[in-house]
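Following: one structure in structure tokens, then a few remarks.
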Amino acid sequence: MPDESSPATTDPSRPTRGGGGGGRRRKPRAGRRKALVITACTAAGLVVLAGAGAGFLYFKLNGNIKGVDINAALGPDRPANVDNGSMDILVLGSDSRSGANAKYGKDGGGARSDTAMVVHVYKGHQKASVVSIPRDTLVTRPACTDSAGNSVAGGNQQMFNTAYEVGGPACAVKTVEKMSGIRMDHYVEVDFSGFKKLINTLGGVDITTQQAIDDDKSHLHLAAGKHTLDGEQSLGLVRTRHAVGDGSDLGRIQLQQAFMKALINQIKDVGVFTSPKKLYDLADTATSAVTTDSELNSVNELAGFAGGLKGIGAGDMKMVTLPVQYDPADPNRVLPLEKAGAKVWAALKTDQPVPASALKGSAGDKGAAGSVVTSH
């Protein structure tokens, strides 16, 4: 989720999508349309799966979902789909300070993607790997077209999260695809207010803090011990960086990953299916909280997309951070470790586990915040 310190900053059985370097859409076996995303999309798919046939509720929920036509925006200049039964989803947390988000600071430009994760769901859809991309990573950003149809020049040594700022979701997807050589099958985005509302509707998230967390900038103050975090506290946790680990964005990513595991552990046990009102409230909140690619922006598509959630739990996910090193010229920026990163992307592209050797020596493993938060 977004960082308080830098405000400026399917259905797999459907026919082949347009473009994509001539590759065909991946086609898992019938009845095994499974995928895993985090936070809002997880909840949206789960509750919509149960409530999709409820008459006017269907149309209400359908109207909540916002979609972006990534395929039309990017055209054919994309990696080919690999027909191996796997799936790749780009999940972003956006940090616009407009509207309900204004209390978190002023925009010093457009919104940026301060949380970015590539979720790779393996063939068989029983396991997943999640690769977090640090927002401050200096990358080569490709030329893009923004939402108004204007051309945006690319450039070297650009912060990763500026891709979303200058070109919106399509530019963020294009940047990730250029970095990884992997075509993203889907796109999911959630913002500040949507994240908070979702956690509150779920009834909070249970965590245990192994040490006290006191961060005035993220407005989070927790004693060591067990807590049920509401939406505001959860947002504070995934934004905090100064009170844990080495105080870096890399440590914050470790907190985010720990929080998401706690959320996924809990989300299947919230009891919404025994309460029609709670089910509707959660479905309404979740579908309002997300922006997706145009192939997921309907109740039916989200229901199909979430069909395999029962097969994937927090213990079935491997969460890593893209291998990086601190920039010698600016300790607030990080540089990709190209050879190590290539190993990570090659593993996902061939539907293999991320090798431990690819992560050795990465600054992303040195944030020292990974053990601060656990589930209970």
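The values are calculated or read from the model by the stated rules, or taken from the named source; none is laboratory data. Keep in mind that this is a model prediction, so the values were computed, not measured. Cβ placement follows ideal geometry from the backbone for every residue including glycine, while neighbour counts extend to all protein chains displayed. Accessible surface is based on the protein model in full, side chains and every heavy atom, while ligands, DNA and RNA are left aside. Shrake-Rupley method; radii C 1.70, N 1.55, O 1.52, S 1.80 Å.
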> In this model, which of Lys318/Lys360; Lys196/Lys261; Lys123/Lys343; Lys123/Lys178; Lys60/Lys277; Lys226/Lys261 are farther than 21 Å apart at the alpha-carbon?
Replying inline: Lys123/Lys178
> Of Arg252, Arg333, which has the most accessible area and how do the rest follow, probe 1.4 Å?
Replying inline: Arg333, Arg252
>> Using a Förster radius of 45 Å, what is the FRET efficiency between Thr350 and Asp146 based on their Cβ-Cβ separation? Nearest 0.05, please.
In response: 0.85
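Provide Tyr187, Tyr326 ordered by accessible surface of protein heavy atoms (probe 1.4 Å), highest first.
Putting Tyr187, Tyr326 in descending order of accessible area: Tyr326, Tyr187.
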> One-quarter of the Cα convex hull surface for segment 150-244, in nm²?
Replying inline: 8.6 nm²
>> Once you place label points 7 Å from the Cα toward the Cβ at Gln211 and Ser357, how far apart are they in nm?
In response: 3.4 nm
>> If you count only protein heavy atoms and use a 1.4 Å probe, how large is the accessible surface of Met179, to the nearest 10 Å²?
In response: 50 Å²
> Per-residue accessible area for Lys318 at 1.4 Å probe radius, Å² rounded to 10?
Replying inline: 100 Å²
> Ranked highest first by average number of other Cβ atoms within 10 Å, how do 72-82, 201-211 line up?
Replying inline: 201-211, 72-82
> Between Asp246 and Asp230, 0.36 nm times their residue separation minus their Cα-Cα distance comes to what?
Replying inline: 3.2 nm
> Using a Förster distance of 41 Å, how high is the FRET efficiency between Ser371 and Lys277, based on the Cβ-Cβ distance and rounded to 0.05?
Replying inline: 0.60
> Summing +1 for each Lys or Arg and -1 for each Asp or Glu, what net charge is found among the other residues whose Cβ lies under 13 Å from the Cβ of His221?
Replying inline: -3
